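This report concerns only the one structure given below.
The values are calculated or read from the model by the stated rules, or taken from the named source; none is laboratory data. Note that this is a predicted model, so its numbers are computed, not measured. A quick note on method: Cβ atoms are made from the backbone with ideal geometry, for glycine too, and the neighbour counts reach across all protein chains shown. Keep in mind that these areas ignore ligands, DNA and RNA; they rest on the heavy atoms of the full protein, side chains included. Shrake-Rupley method; radii C 1.70, N 1.55, O 1.52, S 1.80 Å.
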Amino acid sequence: MRALWARVDDRQRWLVALALVTLAGLGLRLWGIGWGLPYAYNLDERAHFVPRAVGFFQNSSLDPDYQLNPSGLMLWIAAALWAFRGGSSGVVETWAAYPGAIWITALVASAALSTAAIVLLYAAGTRMFNRRTGLLAAALLALSFLPAHYGKLALNDGPSLAPSALTLFAVAGIARFGRRRDYLLAGAALGLAVGFKYNAAFLALPLLTA
């Protein structure tokens, strides 16, 4: 095993370390994710996100008629429900007969996007500083209590970290290289981040600074 590891180049070692950190973060976000189902004990989950994602199919409209939270997470959950619960009619029927199945799909979709933020933050930290900094940032996001806790809920806090980290990756590119494509990526990623959670708009400050 030691001889095999010695043949792995430096870049591959960092990627292996990132994969282990990401898997640990995913495990924490999936561990106990079905607890309490089909009942939802978080008020925001059951008042703002999952039922409204189902409402897209019940009302045959992508307009949530609602502005308290942006619709990014609702659309993300709706896409997962459509893909894994048999399309529009399947979502409506499952919600009526087996709501726990709808909830578990929504929770796993939220956890998957929250986990993607770990990899994207590694990329941002590596681009701005170095691989060691990127891996440390990724490990903190993967293993810290609040990101792991909110990453297993169908709330916009955890999933919004993925486009936020992508914004930071682009900002690092602007600061280091100043290429047009980094500006375009930063604008698109910031728009996505705000589309998940309004207060991600604060990322405009490092973007303007860069």
First measure r as the distance between the Cβ atoms of Y39 and R180, then evaluate 1/(1 + (r/R0)^6) with R0 = 41 Å and state the FRET efficiency to the nearest 0.05.
0.25
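From the Cα gyration tensor of the range 67-111, with a ≥ b ≥ c the square roots of its eigenvalues, which class applies: rounded if a/c is under 1.5, or else prolate if a/b is larger than b/c, or else oblate? Display every interim value, and only then the final one.
Numbers: a/c = 1.79, a/b = 1.62, b/c = 1.10.
Prolate, since a/c reaches 1.5 and a/b exceeds b/c.
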Equivalent ellipsoid dimensions for the range 124-209 as semi-axes, Å, which come from the Cα gyration tensor, largest first:
22, 17, 8
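For the chain, what is the calculated [θ] at 222 nm in deg cm²/dmol (nearest 500), taking -39500 (n - 2.57) for each run of four or more DSSP H residues and dividing by its residue count? Present the calculation step by step, with values, prior to reporting the outcome.
Values: 11 runs with 147 residues, N = 210.
After summing the helix terms and dividing by the residues of the chain, the value is -22500 deg cm²/dmol.
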If packing is taken as the mean number of other Cβ atoms within 10 Å per residue, what is the order of 57-70, 102-115, 158-171, highest first?
158-171, 102-115, 57-70
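For the range 70-151, which whole percent of the accessible surface, found with a 1.4 angstrom probe, sits on carbon and sulfur atoms? Before the final figure, lay out each step's value.
On the way: 2680 of 3720 Å².
About 72 percent, which is the carbon plus sulfur part of the accessible surface.
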Helix 10-30 axis, angle to the chain major axis (alpha carbon atoms, nearest 10°)
20
Could you give the angle, 0 to 90 degrees to the nearest 10, between helix 161-176's Cα long axis and the longest principal axis of the Cα atoms of the chain?
30
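Given the Cα-Cα distance of L30 and H149 and 0.36 nm per residue of separation, how much length would full extension add, in nm? Can you show the working numbers first?
Working: separation 119, 0.36 × 119 = 42.84 nm, distance 0.99 nm.
So the extension gain works out to 41.8 nm.
Find the accessible area per residue for the chain; the probe is 1.4 Å, ligands and nucleic acids are left out, and the unit is Å². Intermediate results must be reported in sequence, preceding the final value.
Values: 11430 Å² over 210 residues.
Using a 1.4 Å probe on heavy atoms only, each residue of the chain averages 54 Å².
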Give the separation of the Cα centroids, the range 54-123 to the range 171-186, in Å.
31
To the nearest 20 Debye, how big is the dipole of the chain about its Cα centre, given +1 on the beta carbon of each Lys and Arg and -1 on that of each Asp and Glu?
960
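Net charge around G173, counting only other residues with Cβ within less than 14 Å of its Cβ (Lys, Arg = +1; Asp, Glu = -1)? If you can, show how the numbers build up before the last one.
Numbers: positive: R127, R176, R179, R180, R181; negative: D182.
Within the 14 Å Cβ shell, the charges total +4.
Probe radius 1.4 Å, ligands and nucleic acids left out: which of V54, V21 has the largest accessible area, and how do the rest follow?
Values: V54 0, V21 25 Å².
Descending accessible area places them as V21, V54.
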